[in-house]
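K.L.:
Below: one structure in structure tokens.
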Amino acid sequence: MSERSAPWPWLLLALVVAVLDQLSKWWILQHFHPGEVLPVLPFFNLVLTFNEGAAFSFLSDAGGWQRWFFIGLTLAVSAALVVWMSRLRSDEKWLAVALALVLGGALGNLVDRVRHGRVTDFLDFHWQGWHWPAFNLADSAITLGVVLLLLLSWRDDGKDAKKG
């Protein structure tokens with residue numbers, strides 16, 4: 001059985017994700033006006049937009065209470081992720097990376113909610129007139145972390161099935 005892993009490298013990774021997210025949002029806020037679009041590739045634009053809700057603008061028009069709800073939810077989930085990371089074994093590095101990506105993304109968006117009351121989005125992927133909802137680096141890190149968690153879970157389920 002492996003010993004516990006120190007959480008500090010993974011907390012540092014989460015901090016790097018949050019800082020890169022905030023730097024990218026600072027840059028877009030300095031160089032774009034709301035709604036301004038810069039085509040970059042045939043399927044990708046930079047566009048400054050804001051989201052007062054959650055994924056896909058869920059609860060964005062709820063009247064303001066959602067800001068505090070999402071701040072509280074993010075703080076609770078972040079605390080749970082830190083506790084989870086602190087309990088990982090040293091052989092669970094990929095799980096630690098996945099949790100750090102989710103934590104870093106959550107913290108990046110948390111800073112926006114606390115400072116601005118909304119999340120800054122600017123990555124706009126589209127195809128033949130259909131646009132995926134704009135998102136940011138924090139959202140990308142969360143998505144990548146969740147996909148990694150699912151892959152790790154799937155891999156572990158396969159190992160368990162072979163044991164049974």
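K.L.:
When segment 20-43 is examined, which residues are found to be part of a helix (DSSP H, G or I) and either charged (D, E, K, R) or in contact (Cβ under 8 Å) with a residue 24 or more places away in the chain (or both)? Outline the logic, then answer.
P.N.:
Narrowing segment 20-43 to residues part of a helix (DSSP H, G or I): 20-31.
Across segment 20-43, the qualifying residues are L20, D21, Q22, S24, K25, I28, L29.
K.L.:
Moving on. Determine, yes or no, whether L13 is surrounded by 11 or more Cβ atoms within 10 Å (Cβ to Cβ) and assigned to a helix (DSSP H, G or I).
P.N.:
Yes: the conditions hold for L13.
K.L.:
Which count do you get for residues in segment 113-152 that are among the small types (G, A, S) and more than 29 Å from F69 (Cα to Cα)?
P.N.:
Start the filter on segment 113-152 by keeping residues that are among the small types (G, A, S), which leaves 117, 129, 134, 138, 140-141, 145.
After this cut, where a residue has to be more than 29 Å from F69 (Cα to Cα) as well, the list is 129.
Counting residues in segment 113-152 that are among the small types (G, A, S) and more than 29 Å from F69 (Cα to Cα) gives 1.
Per-residue answers, yes or no, for (1) part of a loop (DSSP other than H, G, I, E, B); (2) modelled with pLDDT of 95 or more; (3) under 12 Å from W10 (Cβ atoms):
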{"residue": "S60", "(1), (2), (3)": "yes, no, no"}
{"residue": "G63", "(1), (2), (3)": "yes, no, no"}
{"residue": "W68", "(1), (2), (3)": "no, no, no"}
{"residue": "L73", "(1), (2), (3)": "no, no, no"}
{"residue": "S78", "(1), (2), (3)": "no, yes, no"}
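K.L.:
Separate question: Tell me, which residue of segment 71-94 that is touching a strand residue (DSSP E or B) at 6+ places or on another chain (Cβ under 9 Å) and surrounded by 13 or more Cβ atoms within 10 Å (Cβ to Cβ) is farthest from E3 (Cα to Cα)?
P.N.:
The residue in question is S86.
K.L.:
Which of the residues spanning segment 113-130 are surrounded by fewer than 21 Cβ atoms within 10 Å (Cβ to Cβ) and either in contact (Cβ under 8 Å) with a residue 40 or more places away in the chain or part of a helix (DSSP H, G or I) (or both)?
P.N.:
Listed by number, the residues that qualify are R113, V114, R115, H116, G117, R118, L123, F125, H126, W127.
K.L.:
Residues of segment 87-112 being within 27 Å of F70 (Cβ to Cβ) and outside any helix (DSSP H, G or I), which ones?
P.N.:
R87, L88
The values are calculated or read from the model by the stated rules, or taken from the named source; none is laboratory data. Bear in mind that the values here come from a model prediction, so they are computed numbers and not experimental data. Methodologically, a virtual Cβ is constructed for each residue, glycine included, from the backbone with ideal geometry; neighbour enumeration extends over all protein chains shown.
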